[in-house]
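The values are calculated or read from the model by the stated rules, or taken from the named source; none is laboratory data. All values derive from a computational prediction rather than experimental measurement. Ideal geometry is used to build each Cβ from the backbone, glycine not excepted, and the neighbour counts take in all protein chains shown.
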């Protein structure tokens, strides 16, 4: 095991090596399970590199990680002296990963023993840029398989084609970066970094970038990642301004789709996602402090005012009545349309 601070981007990729990036901040209750699952991986001739990015933890996360040095020879700890967030932690992992293949694992989740081998086998056999997979949701003592929306399995597909349709769930609505494996060299140009300004919703912005820039991908029947839901420390369970980073994330996504003619066909899908996430937060905003609730409405109104009128009008017409009412209470797209 080695301990290091941030290093320059590693461009040399070791064939057959799988780099697993784990961002961790105060995860002493769970990091041991994640690392134990990696120590049990059945990789055959492949080798494992595990990069735990300790994002300024104040608990025993680093100490527990160090205990796995004999069980995981390829273990490295990358230390952030100050907390920088999950995007920066993943970026530090990407900068130091030397594997032909890259995988993300959250510190409170874990992999089945054959999971990484199945993904690597599928990726190599199909010759694609990346593979995605189903996952198992763990809520307390309950487990349930959650399938990726694409029904076509074990065949090369165009990730851009799987952004649409607009009205039903597609692969772009399955933004779990840990449910897949990626060629490291491909990521260097297609989706090299997570936006460190985003404290939440960073996975959605990254997945849009990847889907628009990668050449091909495939879905593998390998539901071997176990995802814990509803943990008290999860940002999805916290009510503060970090939750509103989805507005900035979708500003980027909409700009990405509208800035290039070949991407504009995906703008309605991006806007539909934005409106759906907006309605989700508006619905739960009754539990927010009053000033936070007001801030959410103000920021949403400002963002809606910047969206091209025809795009917004069409999107509102496709929403169900309750959600249309929520959005229209913030901004009336008809007024904008009439003013043009």
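Every condition in (1) crowded, with 20+ Cβ neighbours inside 10 Å; (2) without any contact (Cβ under 8 Å) to a residue 60 or more places away in the chain; (3) farther than 13 Å from residue 27 by Cα holds for residue 99 except the one numbered (2).
The set of residues in the range 258-276 that are free of Cβ contacts under 8 Å to residues at least 40 places away in the same chain and part of a helix (DSSP H, G or I) comprises 261, 262, 264, 274. The set of residues in the range 215-227 that are surrounded by 14 or more Cβ atoms within 10 Å (Cβ to Cβ) and at pLDDT 95 or above comprises 216, 217, 218, 219, 220, 224, 225, 226, 227.
Here residue 274 fulfils each of the conditions (1) over 19 Å from residue 173 (Cβ atoms); (2) modelled with pLDDT of 95 or more apart from (1). In the set (1) farther than 15 Å from residue 93 by Cβ; (2) outside any helix (DSSP H, G or I), residue 33 fails one condition alone, (2). Taking the range 288-306 as the range and being more than 30 Å from residue 170 (Cβ to Cβ), part of a helix (DSSP H, G or I) and either in contact (Cβ under 8 Å) with a residue 40 or more places away in the chain or touching a strand residue (DSSP E or B) at 6+ places or on another chain (Cβ under 7 Å) (or both) as the test, the residues that pass are 292, 295. Scan the range 179-200 for residues that are within 14 Å of residue 87 (Cβ to Cβ), in contact (Cβ under 8 Å) with a residue 60 or more places away in the chain and within 12 Å of the chain's Cα centre (by Cα) and jot them down. Within the range 179-200, 193, 194, 195, 198, 199 meet the criteria. Condition (residue is within 25 Å of residue 147 (Cβ to Cβ) and not assigned by TED's automatic domain parsing to the domain that holds residue 141) applied to the range 280-291: is it met by at least one residue? Looking for residues that are within 25 Å of residue 147 (Cβ to Cβ) and not assigned by TED's automatic domain parsing to the domain that holds residue 141, one finds at least one in the range 280-291, hence yes. For the range 63-89, a residue qualifies if it is surrounded by fewer than 17 Cβ atoms within 10 Å (Cβ to Cβ) and outside any loop (DSSP other than H, G, I, E, B), and the qualifying residues are 63, 66, 79. Elements of the type strands (runs of 3 or more DSSP E) sitting completely within the range 117-194 and holding at least 2 residues that are modelled with pLDDT of 95 or more and crowded, with 17+ Cβ neighbours inside 10 Å: these cover 130-133, 135-139, 180-183.
Listed here are the residues, each with its yes/no results for (1) more than 27 Å from residue 53 (Cβ to Cβ); (2) touching a strand residue (DSSP E or B) at 6+ places or on another chain (Cβ under 7 Å).
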| residue | (1), (2) |
| --- | --- |
| 104 | no, yes |
| 107 | no, yes |
| 114 | no, no |
| 117 | no, no |
| 127 | yes, no |
| 134 | no, yes |
| 137 | no, yes |
| 140 | yes, no |
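The set of residues in the range 38-52 that are more than 13 Å from residue 104 (Cβ to Cβ), outside any loop (DSSP other than H, G, I, E, B) and in contact with a helix residue (DSSP H, G or I) (Cβ under 8 Å, 6 or more places away or on another chain) contains only 48.
For the condition at pLDDT below 95 and within 14 Å of the chain's Cα centre (by Cα), residue 231 does not qualify.
Identify all residues within the range 102-132 that are touching a helix residue (DSSP H, G or I) at 6+ places or on another chain (Cβ under 7 Å) and more than 21 Å from residue 86 (Cβ to Cβ); write none if there are none. Of everything in the range 102-132, those that are touching a helix residue (DSSP H, G or I) at 6+ places or on another chain (Cβ under 7 Å) and more than 21 Å from residue 86 (Cβ to Cβ) turn out to be 129, 131.
Only one of the listed residues (153, 143, 137) is assigned by TED's automatic domain parsing to the domain that holds residue 97, within 18 Å of the chain's Cα centre (by Cα) and in contact (Cβ under 8 Å) with a residue 60 or more places away in the chain. That residue is 137.
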